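Trainee: Would you mind keeping the following structure in view while I ask a few things?
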Ligand code: FPP
Ligand code: MG
């Protein structure tokens, strides 16, 4: 969200209003983002072979919202030390995220990411997975430089990311509720890293334990809301806006929240959707299956129902901020809840 955050800061929207009230903080966050960007690009350039450097630098170079580094830098505002000590932790959060995207695009057979061809589309699945591993190894080295607490956190979060993805693939266990399964998957694959971003920034500047804890709780809820928004956008956003293919979750059989809600529904739309998502339904409809399923989902009540769940999570994120000092950094965290609620890409 940083690209859009920085953009809106300059563009005079909600974040712009915030910038008008908090010019010093906004300027400091932007400086931190620029410094972490330089670090990120530097890591890819460290690959000894220029061709490898190009591959591992591909998704860093395509930009992205940079939500995680932004959160690390905001988290760093809650400690006593200079927030610039968190620049490497900001780069770390984005490195882990980018590494996971190389893998995710292989798993989802995605052809585009961040408005550019995915690494797997350009170089094939094996190279993309290895590039993700290369970046994850870089991340581990950087975390080790940042101390045992951050290294432990990074290792734990990587485990949660991978577990979330495995659980997404293996699906609902016998007797497990589909929504509980969904939220467990999302907590691992999205929320964990968003919470880590905030925590690691706060740890770097020596914030109090209860503050680090509150930021982690906020991050878990914000991250869940962010992923629900992503799920909704998969069916409502045009590819040119999201930088990804529309209906990709559906196409690869990922049970996103709107799909789960629509399947639990009753009525002719739900019936047709259920049929369409069977192997026979897909085979019959061929290339028309995904656009038809997207249309059915859009026309039903599932996107609105998913949005209500997203807003409920944002309320919990806001509640987690209750005990934090009422300064500019806390206000930025409230504003980020509004930005996630209004996400359009
Ligand atoms: C995007 O979800 C995926 C993630 C946020 C996490 C992916 C995690 C892994 C592949 C585990 C491996 C992790 C590491 C660190 C190597 P999505 O497919 O719902 O969203 P999208 O629309 O952005 O693709
Ligand atoms: Mg994906």
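Trainee: Using Cα-only point scatterers and the Debye equation, what is log10 of I(q)/I(0) for region 220-345 at each q in 0.10, 0.20, 0.21 Å⁻¹, rounded to two decimals?
Mentor: -0.37, -1.06, -1.13
Trainee: Restricting to Cα pairs below 8 Å that are 6+ residues apart, what does the relative contact order work out to for region 239-314? Please round to a whole percent.
Mentor: 33
Trainee: Same structure, new question: Using a Gaussian network model of the chain with C-alpha springs under 10 Å, which one of 177, 108, 231 is most mobile by mean-square fluctuation?
Mentor: Sorting by GNM fluctuation, first place goes to 177.
Trainee: Continuing with the same structure: Could you tell me how far the Cα centroid of region 132-194 sits from the Cα centroid of region 222-276, in Å?
Mentor: Their Cα centres are 22 Å away from one another.
Trainee: Now for a different question. Taking one equal scatterer on every alpha-carbon of region 281-345, how large is log10 of I(q)/I(0) by Debye at q = 0.19, 0.25, 0.29 1/Å?
Mentor: Here the Debye-derived log intensity ratios amount to -0.80, -1.04, -1.17.
Trainee: Give me the distance in nm between label points sitting 7 Å out from Cα along the Cα-to-Cβ direction at residue 287 and residue 184, one decimal.
Mentor: Label-label distance for residue 287 and residue 184, simple model: 4.0 nm.
Trainee: What relative contact order, as a whole-number percentage, does region 153-245 give when Cα pairs under 8 Å and 6 or more residues apart are counted?
Mentor: Value for region 153-245: 26 percent.
Trainee: Based on the Cα atoms of the chain, what semi-axes does the equivalent ellipsoid have, where each is the square root of 5 times one gyration tensor eigenvalue, given in whole Å with the largest first?
Mentor: Over the Cα atoms of the chain, the semi-axes work out to 33, 24, 18 Å.
Trainee: Add -39500 (n - 2.57) for each DSSP H run of 4 or more in the chain, then divide by its residues: what number comes out at 222 nm, to the nearest 500 deg cm²/dmol?
Mentor: -23500 deg cm²/dmol, from helical runs alone.
Trainee: To the nearest 10 degrees, how steeply does helix 328-341 sit against the main Cα axis of the chain, on a 0 to 90 scale?
Mentor: The answer is roughly 10 degrees.
Trainee: Further question on the same structure: Considering Cα pairs under 8 angstrom that are at least six residues apart, work out the relative contact order of the chain and quote it in whole percent.
Mentor: 18
Trainee: Further, regarding this structure: When the label point is put 7 Å from the Cα of residue 318 along its Cα-to-beta-carbon vector, which residues of region 211-229 have a backbone N closer than 20 Å?
Mentor: 214-229
Trainee: Ranked highest first by average number of other Cβ atoms within 10 Å, how do 138-144, 276-282, 72-78 line up?
Mentor: Taking the mean over residues of other Cβ atoms within 10 Å, the ranking is 72-78, 138-144, 276-282.
Trainee: Return one number: the angle in degrees, 0 to 90 and rounded to the nearest 10, between the long axis of the Cα atoms of helix 148-170 and the longest principal axis of the Cα atoms of the chain.
Mentor: So the helix axis and the longest Cα principal axis differ by about 0 degrees.
Trainee: Sticking with this structure for a sec: For a test of the definition: using alpha carbon positions, the gyration tensor, and the 1.5 limit on a/c, classify region 41-197 as rounded, prolate or oblate.
Mentor: Since a/c reaches 1.5 but b/c is at least a/b, the shape of region 41-197 is classed as oblate.
Trainee: What distance in nm separates the simple spin-label points at residue 272 and residue 137, each placed 7 Å from Cα in the Cβ direction?
Mentor: Label at residue 272, label at residue 137, 5.1 nm between them.
Trainee: Taking region 132-195 as the region of interest, what is the percent of Cα-Cα pairs per 5 angstrom bin, listed from the shortest bin to the one with the maximum distance?
Mentor: Going from the shortest bin to the longest, the percentages are 4, 18, 21, 21, 15, 9, 7, 4, 1.
Trainee: Show log10 I(q)/I(0) for region 70-150 at q = 0.19, 0.24 Å⁻¹, two decimals, from a solvent-free Debye sum over equal Cα scatterers.
Mentor: With one equal scatterer per Cα and no solvent, log10 I(q)/I(0) is -0.81, -1.02.
Trainee: Take the chain, connect every pair of alpha-carbon atoms lying under 10 Å apart with a spring to form a Gaussian network, then pick out the residue of 70, 92, 263 with the largest mean-square fluctuation.
Mentor: Evaluated over the chain, the most mobile residue of the options is 263.
No lab work stands behind these numbers, since they all come straight from the coordinates. Note that this is a predicted model, so its numbers are computed, not measured. Ideal geometry is used to build each Cβ from the backbone, glycine not excepted, and the neighbour counts take in all protein chains shown.
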